[in-house]
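*Asks:* One structure, as structure tokens, below. Some questions next.
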Amino acid sequence: MSRFYITTPIYYVSDVPHLGHAYTTIVCDALSRYHRMRGEPTRFLTGTDEHGQKIARLAEAHHVTPRAYADKFAEAYQATWRALEVANDDFIRTTDPDHEATVQEVWRRMNKSGAIYLADYEGWYCVACEQFYTEKELKGNDCPVHGRPVEKVKEQSFYFKLSQYRDRLLELYDKHPEFVQPDTRRNEVRAFVAGELRDLSISRTTFNWGVPVPDQDKHIIYVWLDALTNYYSATRRSDEAKQFWDQPDARIVHMIGKEIIRFHAVYWPAFLMAADLPLPTTVFAHGWWTVDGEKMSKTLGNVVDPLKLSQDIGVDAFRYFVLREVPLGSDGDFSHEALITRYNAELCNDLGNLLNRTLGMVSKYQFNAIANSGKALCNDVTNYSARFAEAMEALAPSKALEEIWRLVRRANEFIDKEAPWKQDRAGQERILGEVLEVCRALSHLTSPFMPERAAEMQRQLGLDEPPAMPAWSARTFTPAQAVPLFPRIDDDRKAQLLAHWTPKKETPAQREPRVTYAEFQKLDLRVGRVLAAEAVPKAKKLLKLTVDVGATGQRQVVAGIAETYRPEELVGKRVILLANLEPATIRGVLSEGMILAAGDDDVVALSGLDRDAPPGTKVR
Ligand code: MSP
């Protein structure tokens, strides 16, 4: 019997989890529960990705240490998974000391095999992706994924000889088609590797929130090398865990979203080859959820909160919906309407009603106990269970649910056709006994997807069995009182839920407090010309500017733009200056005004004029 090891990506501790994160995690939970119910040694890992520039900057912007920032969101992830009935065996944080030690160990192994060298690096970096880009890959000056300006990086860096692993990677994809799934992704990855494969910069020197390169304290290991290693480092934690990486019978599945396929299907196996460690079996990239046809984003205000939905409609109904709605691997659209429609049709009508009407008849016809002596539905249970298992083995949970629902419908049709209400007592017992046995099978088959409702089915059937593959049995049932598994959502409740889930959208302007024209007039905005600019010592973000404001004279202004602009770029630039801001001393430097710039946390661009206007001109 083979071992099954499944992992989610480790999530950035930049915010609380949303639908996308919940989706990957629930998929892995369902798959691991399936393997456990087969009695296979199973391990399911999830965790958080806590190092790197993205987190360091967020923490700085919130005036807390990166550690404190990470703690808060690592806890939010764990709490969400508990609430969503996610039964992970371990939770790894990249700040765990044992993980950090393993990252250094992997680095040493890669270095020992001659796969690492030191050189000067110059290029572009997107902090949101934590990824380097070549000029060709950019969209103008922007990151192709986030559409935000990339940053110039020029520093000494350790490189990984990725180009030397080209042939071995191609051989891996060709010999092991199961390594990258689905097929379309494999073609994509193969084409990337078959093209110009460049060596990869794997260390940074300009910040320190990360794992140091062994014996080279100035260098911090690239956050993706650090993060990818989690899958392996978590297996170093116990002898039992080790088996899931070291034993040749271990089936290792990395479940990820399609946007991070290159890291997992190209860099990660190459790192492992260099370190001379076993490779995972499969990297499976699932698609992306949009919400009512739109990309999920904070700015649009349409981010789906899995906890809120689960509280209203039930955790298992939420889990069922995301697993059933989209075939794993395809993109999908999340619609609140569709959630309620599936809930009423499939959970309430099909499955819920099957159990409810069966138990209702048992009680109505006053059976204390019912023996299953029939076999009419035995083949159906055997066949659909086999098809369910086949789909789960093929990493197709949506398909597996489809097969289960075929069995549900088959049992409902059986009741309609046999019509127990027209039968004598023996006939009723024969029909109900069989259907109870199907319900028992269903309580097992649905358990990977809906663990809590499956246990409730067991309770109502008068059983208490650990999840296992169903096998038809002649047994006697002593069921409990029927309680609806999924109470119907009527039109009133539906309207209520939809209003609660999708509040009327406000434009950003409506959300901001308004100012009167008189208030606006109090601002003395003027054209300024930068005469001089220099760094402020010990303040990474600050520049000291001398600005010509025409007749009003010259001003000294401290601006938080040092991470976006170099001092020499600014001299001669026209900017818009708030001239009557209360003066302040910032890091010991007097600042007599503020220049306007675009950007939320980080400055993206300075304000300017589309035509020339003399310094001192009023802006209104
Ligand atoms: N920290 C990296 C992963 C390192 S793994 C060694 C990262 N983290 S993340 O927080 O951005 O999470 C990305 C993952 O969240 C995706 O791969 C996917 O699993 C999930 N999703 C995030 N948004 C999603 C959708 N809109 N739809 C579906 N899943 C997506 O990347």
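The values are calculated or read from the model by the stated rules, or taken from the named source; none is laboratory data. Computed from a prediction, not measured in an experiment: that's the story for all the values here. Cβ placement follows ideal geometry from the backbone for every residue including glycine, while neighbour counts extend to all protein chains displayed. With ligands, DNA and RNA removed, areas are computed over all heavy atoms of the protein, side chains included. Shrake-Rupley method; radii C 1.70, N 1.55, O 1.52, S 1.80 Å.
*Asks:* Work out how far the C-alpha atoms of region 485-620 reach from end to end along every principal axis, then list the three figures in whole Å, largest first.
*Replies:* 73, 38, 29
*Asks:* May I ask you to list the lysines whose Cα is less than 20 Å away from that of residue 522, ignoring any residue fewer than eight positions away on the same chain?
*Replies:* Leaving aside lysines fewer than 8 places away in the same chain, those within reach of residue 522 are 618.
*Asks:* Additional query: How big is the convex hull of the Cα atoms of region 422-480, per residue, in Å³?
*Replies:* Convex hull of Cα atoms, per residue: 86 Å³.
*Asks:* Which whole-number percent is the relative contact order of the chain (Cα, under 8 Å, 6+ apart)?
*Replies:* Answer for the chain is 11 percent.
*Asks:* Next question. Could you tell me what a quarter of the Cα convex hull surface of region 3-286 works out to, in nm² with one decimal place?
*Replies:* So the Cα hull casts an average projection of 14.5 nm².
*Asks:* While we're here: Students often get this wrong, so check it: of 136/258; 54/175; 54/538, which have C-alpha atoms separated by over 26 Å?
*Replies:* As for pairs spanning more than 26 Å Cα to Cα, those are 54/175.
*Asks:* Taking only Cα atoms, what is the 0 to 90° angle, nearest 10, from helix 19-37's long axis to the longest principal axis of the chain?
*Replies:* Roughly 40 degrees, rounded to the nearest 10.
*Asks:* To continue, here is another question. Based on Cα coordinates alone, diagonalise the gyration tensor for region 19-155, multiply each eigenvalue by 5, take square roots, and list the semi-axes in whole Å, largest first.
*Replies:* One finds semi-axes of 32, 21, 18 Å for region 19-155.
*Asks:* Lone cysteines in the chain, defined as no other cysteine's Cβ under 4.7 Å from theirs: which are they?
*Replies:* When partners are defined as cysteine Cβ atoms under 4.7 Å apart, the chain leaves 28, 348, 378, 439 without one.
*Asks:* Can you pull the percent of region 309-477's accessible area that's carbon plus sulfur, 1.4 Å probe, other chains left in place?
*Replies:* Its accessible area is 47 percent carbon and sulfur atoms.
*Asks:* I've got another one for you. Determine by what factor the alpha-carbon radius of gyration of region 282-420 differs from 2.2 N^0.38 Å, reporting the quotient.
*Replies:* Dividing the Cα Rg of region 282-420 by 2.2 N^0.38 Å gives 1.30.
*Asks:* Report the local net charge at residue 456: Lys and Arg +1, Asp and Glu -1, summed over other residues whose C-beta lies under 12 Å from its C-beta.
*Replies:* Taking every Cβ under 12 Å from that of residue 456, the sum is -1.
*Asks:* Report the Stokes-Einstein translational diffusion coefficient (µm² s⁻¹, integer) for the chain, Rh taken as the Kirkwood radius over Cα pairs, at 20 °C with viscosity 1.002 mPa s.
*Replies:* Value of D from the Cα-based Kirkwood radius: 76 µm²/s.
*Asks:* Heavy atoms of the protein only, probe of 1.4 Å, neighbouring chains included. What is the accessible area of residue 421 in Å², nearest 10?
*Replies:* 130
*Asks:* Follow-up question, since we're still on this one. Express as a percent, rounded to the nearest 5, the fraction of DSSP beta bridges in the chain (both residues included) that run antiparallel.
*Replies:* So the antiparallel bridges amount to about 65 percent of the total.
*Asks:* Pairing the Cα long axis of helix 97-112 with the longest principal axis of the chain, what angle in degrees results, from 0 to 90 and rounded to the nearest 10?
*Replies:* 70
*Asks:* Count neighbours as other Cβ atoms within 10 Å of each site's Cβ, and list the trypsin sites (Lys or Arg not before Pro) in region 259-353 that are DSSP loop with at most 15 such neighbours.
*Replies:* For trypsin sites (Lys or Arg not before Pro) across region 259-353 that sit outside H, G, I, E and B with at most 15 neighbouring Cβ atoms in 10 Å, the list reads 298.
*Asks:* What trypsin sites (Lys or Arg not before Pro) does region 353-388 have in DSSP loop regions with at most 16 other beta carbons within 10 Å?
*Replies:* Counting only loop positions with at most 16 other Cβ atoms within 10 Å, the trypsin sites (Lys or Arg not before Pro) in region 353-388 are 375.
*Asks:* Taking the Cβ of residue 579 as the centre, find all other residues whose Cβ is under 10 Å away and add up their charges (Lys, Arg: +1; Asp, Glu: -1).
*Replies:* After counting each charged neighbour, the total is +1.
*Asks:* Taking only DSSP H segments of four or more residues, each worth -39500 (n - 2.57), what value at 222 nm results for the chain once the sum is divided by all its residues, to the nearest 500 deg cm²/dmol?
*Replies:* Rounded to the nearest 500, the figure is -12000 deg cm²/dmol.
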